[in-house]
Amino acid sequence: MRRWEIWVGLLGLGMLVFGSYYGLMVAPREVYMGDVQRIMYVHVPTAWNTLLCFTASFVGAVGWLLTRSWKWDYLIESTIITGLVTGSLLAVQGAIWAKPTWGVWWTWDPRLTSVAVMVLSFLGILALRSFVDDPVKRATWSATATVLAWVNIPFVYLCVRWMASLHQTQSTPKTVDPAMVFPLRLNAFAVLFVVIFFVATGWRIAREQRKRELAE
Amino acid sequence: MPPAIAATEVGRRFAGRWALRGASFEVGEGHTVLVYGPNGAGKTTLLRVLASALEPTSGSVSLYGQPAISQRARIGLLSHADGHYDDLSGADNLRVASRLGRLAGDVEAALERVGLAQRAQDLVRTYSAGMRKRLAFARLLLKAPDLVLLDEPYAALDTEGQGLVDELLAELRARGATVMVSTHQVARVAPRCDGALVVENGRVSRSTVPGDGP
Amino acid sequence: MKEALQQCAAMIGKELSHLWRARARVAGTAAFALATLLLFSFAGGMNADLLRHNAAGYLWIGLLLASTLSLGESFRVETEHNALEMLLLLPVRPAAIFVGKAVGNLVVLLLVGLLMIPLCVVLFDAAPREGVGKLALTVLLGTASISAPGTMHAALASRARGRDLLLPLLLFPLVVPCVIAAVQASRACFTGDAMGELSSWLAVLVGFCVVHWSLGALLFERVVED
Amino acid sequence: MSGVIQGGWEYVGAAYGISAVTFLAFAVYLLVRARQEGVR
């Protein structure tokens with residue numbers, strides 16, 4: 001089965017539909033935040049997987065810098081694009097959640113802000129990749145920039161959380177009820193499978209492009 | 001005694017185009033080799049790969065039996081981009097290079113030798129192309145490398161400057177340095193060469209020195 | 001190891017003497033930064049308390065914007081006639097070149113930053129309550145944090161197309177933590193360090209410097225190799 | 001927080017809707033690009 005990732009993607013989609021249905025209809029209402037809290041079942045999985053995506057691009061970057069084999073460069077390219085899509089979606093979800101809950105479109109939630117800054121970094125790296133023609137230089141320079149951007153996440157998280165804690169006290173509520181944990185975990189894996197489909201397909205596209213670019 | 005230069009299947013690709021491909025040859029120590037061929041054939045790429053300024057995409061280069069990148073202290077490359085700082089004077093450019101590379105030569109003597117003594121304190125910004133090339137030669141003299149790679153040394157020089165190049169080639173040969181000269185002034189350089197390489201659309205092949213010579 | 005340090009020292013010497021010769025670059029950066037401060041004071045409105053509170057933010061945003069000028073310029077000088085390759089072939093260690101360039105950029109930003117302090121005091125009536133010394137230390141650590149990643153990305157951008165666009169696009173997200181920490185620390189200097197947070201924010205800047213200066217020295221070779 | 005937030009289903013709908021659209025659109029984009037680039 002050559003393009004196995006299509007089946008993985010479909011499985012993920014199915015799980016996502018079921019998990020979301022469960023989260024929307026079956027899971028109990030959160031005591032304080034009411035139904036708005038149900039956004040969590042798609043928001044938190046997207047957050048985890050976006051961070052996973054950027055970590056995968058860091059792995060790709062280190063892989064390329066050490067071995068210079070093209071498969072790592074494909075990984076960088078596909079995870080950056082996927083991370084940008086899921087990262088941007090995450091910001092939109094965060095805003096939609098924040099409006100009814102705290103009355104503002106954007107709360108300086110440290111996790112969300114760290115991912116948003118990461119998305120901006122990777123937007124820059126995507127621009128860098130499009131401004132460099134030589135494939136080898138493009139791979140090496142974007143790998144270097146990826147390492148710098150990824151290493152920066154803890155600093156961003158630390159500073160934002162500390163700045164936020166000095167001035168306001170919003171933070172997302174901790175979920176306890178097991179009926180809530182089930183759809184959350186299910187959707188987390190669902191989004192993971194969908195992201196694996198995105199990254200694998202992006203990987204194959206990058207490989208074809210590079211084959212043509214490096215054609216004899 | 002390993003050869004000064006040993007290239008095995010050296011290739012260099014720029015975004016899909018092979019500027020240089022499958023170059024295999026050796027150059028004995030103390031030899032002067034002429035490199036000739038049409039424009040855009042890959043001569044500059046060849047010299048820059050040998051000088052470890054460009055990393056080969058395929059194959060490998062070893063100088064004196066060692067990987068090229070480890071021998072940079074013994075290599076002198078004269079390329080189109082002269083590497084000078086415009087807002088420093090000629091003398092300062094040489095002093096910077098000398099201090100950073102811990103070069104042995106004397107700055108004033110080098111400037112004198114290339115005929116830049118009077119203009120030494122002027123900013124390189126005010127230099128003509130020929131004067132910039134002379135300054136590049138001065139830096140080469142400061143470094144006194146064992147392996148010298150000259151990419152079109154005569155270009156942009158006046159007759160007196162070209163005479164200077166002839167003298168330097170003779171001097172290098174007398175000193176036992178290994179030299180590779182890429183030039184279109186074949187007749188002028190041929191008498192001093194021990195061998196020649198012809199480069200055509202990325203392919204390097206050994207050839208006899210046009211005119212006299214082995 | 002000693003030789004590496006010597007090369008770093010020689011590169012720093014070269015960079016500083018180069019800066020002295022091209023003083024216009026420092027003056028230009030300073031003028032740009034001061035202009036942004038002026039613009040901020042117009043944009044900030046006339047409310048004195050508000051301006052005093054935001055003085056730290058204006059200082060650092062002005063400095064960051066000015067830094068893209070000086071960082072871009074610091075590598076235009078190297079790539080214009082491929083001086084970078086001449087250095088590599090001398091040979092000079094890439095890490096030494098990085099340290100030299102980064103210290104050069106640090107010095108430019110530090111001078112501009114220190115020049116902006118009196119102007120902030122005048123324009124925003126923000127007398128540094130915690131004393132000028134602490135504020136100067138904050139400016140030192142803040143500019144050191146900006147110049148390491150800044151030097152890396154200036155080197156990257158200088159060799160790609162779209163250079164002037166790429167540098168800020170790559171640099172700004174990366175220096176978000178520095179700006180947050182520097183602004184918070186500076187604000188503590190300007191309006192009083194009531195909650196004793198100044199030293200912690202400076203610690204964050206030191207941590208950032210350690211990581212990015214060592215990463216820079218490690219990865220700079222990858223940026224300049226051809 | 002001011003006690004239980006009433007309703008808010010339109011926000012939940014928006015969040016899930018946008019997520020679904022984004023995922024599907026990106027999936028289609030990738031599949032089309034894959035065919036264009038000759039991925040078999």
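Checked against (1) in contact with a Leu (Cβ under 7 Å, 6 or more places away or on another chain); (2) more than 12 Å from chain C (Cβ to nearest Cβ), B:S98 passes all but condition (2).
For every residue, the table says whether it meets (1) within 18 Å of A:V191 (Cβ to Cβ); (2) surrounded by fewer than 20 Cβ atoms within 10 Å (Cβ to Cβ); (3) in contact with a helix residue (DSSP H, G or I) (Cβ under 7 Å, 6 or more places away or on another chain).
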| position | (1), (2), (3) |
| --- | --- |
| A:V36 | no, no, yes |
| A:S69 | no, yes, no |
| A:L89 | yes, no, yes |
| A:K99 | no, yes, yes |
| A:W105 | no, yes, yes |
| A:W108 | no, yes, yes |
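The residue that is farthest from B:A51 (Cα to Cα), counting only those in the range B:1-35 that are small (G, A, S) and in contact with a Phe, Trp or Tyr (Cβ under 7 Å, 6 or more places away or on another chain), is B:G11. Test of understanding: among C:A126, C:A148, C:A155, which residue is at pLDDT below 90 and crowded, with 24+ Cβ neighbours inside 10 Å? The conditions single out C:A126. Of the listed requirements (1) facing chain C (nearest Cβ under 10 Å); (2) in contact (Cβ under 8 Å) with a residue 12 or more places away in the chain; (3) not hydrophobic (A, V, I, L, M, F, W, C), B:S70 misses just one: (2). For C:T138, state whether it is within 13 Å of chain B (Cβ to nearest Cβ), over 20 Å from C:A9 (Cβ atoms) and among the β-branched types (V, I, T). Judged against the criteria, C:T138 is not a match. Among the residues of the range C:79-96, those identified as closer than 11 Å to B:A81 by Cβ and either of a type in the set (D, E, K, R) or surrounded by 21 or more Cβ atoms within 10 Å (Cβ to Cβ) (or both) are C:E80, C:A83, C:L84, C:E85, C:M86.
Applying a threshold of 6 Å to beta carbon distances and a minimum spacing of six or more residues, or different chains, the list of pairs starting in the range C:202-218 at a residue that is away from every other protein chain (no Cβ under 11 Å) and ending at one that is in a helix (DSSP H, G or I) and surrounded by fewer than 20 Cβ atoms within 10 Å (Cβ to Cβ) reads C:A217/C:A95.
Answer yes or no as to whether B:L63 is more than 11 Å from chain C (Cβ to nearest Cβ), under 21 Å from B:G176 (Cα atoms), in contact with a helix residue (DSSP H, G or I) (Cβ under 8 Å, 6 or more places away or on another chain) and not basic (K, R). Yes: the conditions hold for B:L63. If you go through the range B:55-65 and keep only what is free of Cβ contacts under 8 Å to residues at least 60 places away in the same chain and under 25 Å from B:L103 (Cβ atoms), you end up with B:E55, B:V61. Remark: pairs (first residue in the range C:102-128, over 30 Å from C:F220 (Cβ atoms); second residue polar (S, T, N, Q); Cβ separation under 8 Å; 6+ apart in sequence or on different chains) = C:L123/C:S41; C:F124/C:S41; C:F124/C:N54; C:A126/C:T191. Select, from B:G28, B:G65, the only residue that is farther than 23 Å from C:H81 by Cβ and either buried (at least 19 other Cβ atoms within 10 Å of the Cβ) or within 18 Å of the chain's Cα centre (by Cα) (or both). B:G28 is the lone residue from the list that is farther than 23 Å from C:H81 by Cβ and either buried (at least 19 other Cβ atoms within 10 Å of the Cβ) or within 18 Å of the chain's Cα centre (by Cα) (or both). Would the range A:37-52 turn up any residue that is away from chain D (no Cβ under 11 Å), modelled with pLDDT under 95 and not in a helix (DSSP H, G or I)? Within the range A:37-52, none of the residues are away from chain D (no Cβ under 11 Å), modelled with pLDDT under 95 and not in a helix (DSSP H, G or I). Considering only the range A:102-109, I want to know if a residue exists there that is within 30 Å of C:V206 (Cα to Cα) and within 11 Å of chain C (Cβ to nearest Cβ). Looking for residues that are within 30 Å of C:V206 (Cα to Cα) and within 11 Å of chain C (Cβ to nearest Cβ), one finds at least one in the range A:102-109, hence yes. Among residues that are at positive phi and within 20 Å of the chain's Cα centre (by Cα), B:S52 is included. Hey, does the range A:140-151 have a residue that's farther than 30 Å from D:G13 by Cβ, at the interface with another protein chain (Cβ under 7 Å from one of its Cβ atoms) and hydroxyl-bearing (S, T, Y)? The answer is yes, given that some residue of the range A:140-151 is farther than 30 Å from D:G13 by Cβ, at the interface with another protein chain (Cβ under 7 Å from one of its Cβ atoms) and hydroxyl-bearing (S, T, Y). Residue under question is C:A33, and the condition is that it be of a type in the set (A, V, I, L, M) and within 14 Å of chain B (Cβ to nearest Cβ); does it hold? The answer is no for C:A33.
I want to confirm something. Restricting to the range B:178-194 and keeping residues that are touching a helix residue (DSSP H, G or I) at 6+ places or on another chain (Cβ under 7 Å), in a strand (DSSP E or B) and not small (G, A, S), which single residue is nearest to B:L147 (Cα to Cα)? Restricting to residues being touching a helix residue (DSSP H, G or I) at 6+ places or on another chain (Cβ under 7 Å), in a strand (DSSP E or B) and not small (G, A, S), the top hit is B:V179.
Filtered by the rule that a residue be more than 17 Å from the chain's Cα centre (by Cα), of a type outside the set (G, A, S) and closer than 21 Å to A:F155 by Cα, the range C:202-226 gives C:L218, C:L219.
Looking only at residues in the range B:101-125 that are under 25 Å from C:R23 (Cα atoms) and not β-branched (V, I, T), the one that is nearest to the other protein chains (Cβ to nearest Cβ) is B:L123.
The values are calculated or read from the model by the stated rules, or taken from the named source; none is laboratory data. Remember, it's a predicted structure, so these values are computed and weren't measured experimentally. Reconstructed Cβ throughout: ideal geometry from the backbone, glycine too, with neighbour counts over all protein chains shown.
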